[in-house]
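Below is one structure, written out as structure tokens; comments come after it.
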Amino acid sequence: MRSCKLPSGAAMPVFGLGTWRMGESARQRADELDAVRYGLELGYPMIDTAEMYGEGGAEEIVGEAIAGLGTRPFIVSKVYPHNATRAGTIAACERSLKRMGIERIDLYLLHWRGGARLEETFEAFHRLRAAGKIGDFGVSNFDRDDMEDAARLDKGLTASNQVLYCLSRKRSIPLMAYSPLDQGGLLRKPPLKKLADEVGCTPAQLALAWLLAQPGVVTIPKSASRERVKENLGALDVKLSPKVLADLDRAFPPPKGKQPLDML
Ligand code: NAP
């Protein structure tokens, strides 16, 4: 599978399994665990989670799914902004490690910009990295102005591109596309279905293949169903011709100018 290079030199796969909404309900837990395990069996090389998801419940499912595996997937997790002080970030990371039963989170992100001072969060990230508890770090849901602040505060970013920032392509760092299916809503759009029929894939596979066709873009569709976990992985085999890419641009026109960042 293709990957993007992170500042530490580590390779981050371009495709992974999302886990938002997992770990919230005891009734759905067995299905969610089964879907994550099945995804790993099929070869999903990465899992995206966060301390927020199910208030730790999603990380526990991830921990259970990867327990005893010879090779574990690349793990991305995120710290809540209200925990993102110097000491709070370190403590939150340690709780996440414990829930997942691992010694290192491969990529650790500030979930969104909140009240904590970014200097403190970054200092904690550096400490965690020096202690081997995280591989790389970055941010999430940062708009352009937040990114500029982050670049000013973390000298390493401008000097040596040491930090992964998730929402900028300007700095040639990977962009992680979340909610790639628009939480399912995109799949009901008739033009997507029509083009998917032409390509010979499903609408979800087409939406994911469009993202994967862009260099430096990583995506993490979530599903708690075996069938859809498998379907989504199939997007890696869908090759899009320049004509299909142009048809997609016509059906879903890109924004004409600068837009405020959408956030879920
Ligand atoms: P998504 O992946 O776009 O869509 C997930 C929804 O689509 C689920 O309801 C899922 O239902 C359904 N679905 C999945 N595959 C499908 C298919 N092939 N056909 C039909 N329906 C399908 O949305 P998301 O969960 O918001 O985003 C993905 C991941 O990105 C999250 O899980 C999370 O890890 C991450 N994320 C991060 C942030 C952030 O702030 N950093 C924000 C949002 C998301 P089933 O489970 O029933 O299949």
Query raised in the report: Under 5 Å between amide H atoms, partner at least 5 residues away or on a different chain: which partners does I134 have, H built in plane at 1.01 Å?
Result: I105, R129
Report summary line: In the chain the accessible area split gives carbon plus sulfur, as whole percent at 1.4 Å, a share of 51 percent
Requested in this report: Tell me which residues come under 5 Å, amide H to amide H, from A177 once H is placed; ignore anything under 5 positions away on its chain.
Outcome: V218, T219, I220
Report task. Using the Karplus curve 6.51 cos²θ - 1.76 cosθ + 1.60 with θ = phi - 60°, work out ³J(HN,Hα) for each residue of the range 81-91 in order, rounded to whole Hz, and write x for Gly and Pro. Result -> x, 6, 9, 8, 7, 4, 6, x, 5, 5, 5
Report summary line: The correct ranking of H126, H82 by accessible area at 1.4 Å, largest first, is H82, H126
Requested in this report: In whole angstrom, note down how far apart the Cα centers of the range 3-78 and the range 186-264 are.
Outcome: 21 Å
Query raised in the report: Gaussian network model of the chain, Cα springs within a sub-10 Å range: biggest mean-square fluctuation belongs to which of G184, G54, G216?
Result: G184
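Please state the shape class of the chain: rounded when a/c is under 1.5, otherwise prolate if a/b exceeds b/c and oblate if not, all from the C-alpha gyration tensor. Please list the in-between numbers first.
Numbers: a/c = 1.84, a/b = 1.25, b/c = 1.48.
Judged from the Cα gyration tensor, the chain comes out oblate (a/c at least 1.5, b/c at or above a/b).
Please give the per residue accessible area of the range 1-77, computed with a probe of 1.4 Å over protein heavy atoms only, in Å². Spell out each step's value before the answer.
Working: 3240 Å² over 77 residues.
Accessible area per residue, the range 1-77: 42 Å².
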Query raised in the report: Which of the lysines could a cross-linker bridge to K5, judged by Cα under 25 Å and excluding same-chain residues fewer than eight apart?
Result: K78, K133, K155, K170, K222, K239
Query raised in the report: Which of the aspartates and glutamates could a cross-linker span from K98 if the Cα-Cα distance has to be under 15 Å and same-chain partners fewer than 8 positions apart are dropped?
Result: E51, E55, E59, E60, E64, D106
Query raised in the report: Which whole-Hz couplings ³J(HN,Hα) result when phi for each residue of the range 97-105 is put into the Karplus expression 6.51 cos²θ - 1.76 cosθ + 1.60, θ = phi - 60°, listed in order with x for Gly and Pro?
Result: 4, 5, 4, 8, x, 10, 9, 8, 9
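Restricting to DSSP H runs of at least four residues, report the calculated mean residue ellipticity at 222 nm for the chain, -39500 (n - 2.57) per run over all residues, nearest 500 deg cm²/dmol. Mind showing how you got there, number by number?
Values: 10 runs with 106 residues, N = 264.
That calculation yields -12000 deg cm²/dmol at 222 nm.
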**Report entry** Whole-Hz ³J(HN,Hα) from phi, Karplus 6.51 cos²θ - 1.76 cosθ + 1.60, for the range 53-61, glycine and proline x
**Finding:** 5, x, 6, x, x, 5, 5, 5, 5
**Report entry** aspartates and glutamates with Cα under 19 Å of K193, excluding same-chain neighbours fewer than 8 positions away
**Finding:** D182, E227, E231, D237, D247, D249
Query raised in the report: Once Lys and Arg get +1 and Asp and Glu get -1 on their Cβ, which of G234, L42, L248 lies farthest toward the positive end of the dipole of the chain?
Result: L248
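The values are calculated or read from the model by the stated rules, or taken from the named source; none is laboratory data. Just so it is clear, the model here is predicted, and its values are computed rather than measured. All Cβ positions, even for glycine, are placed from backbone atoms using ideal geometry, and neighbour counts span all protein chains on display. The area values use the complete protein model at the heavy-atom level, side chains included, leaving out ligands, DNA and RNA. Shrake-Rupley method; radii C 1.70, N 1.55, O 1.52, S 1.80 Å.
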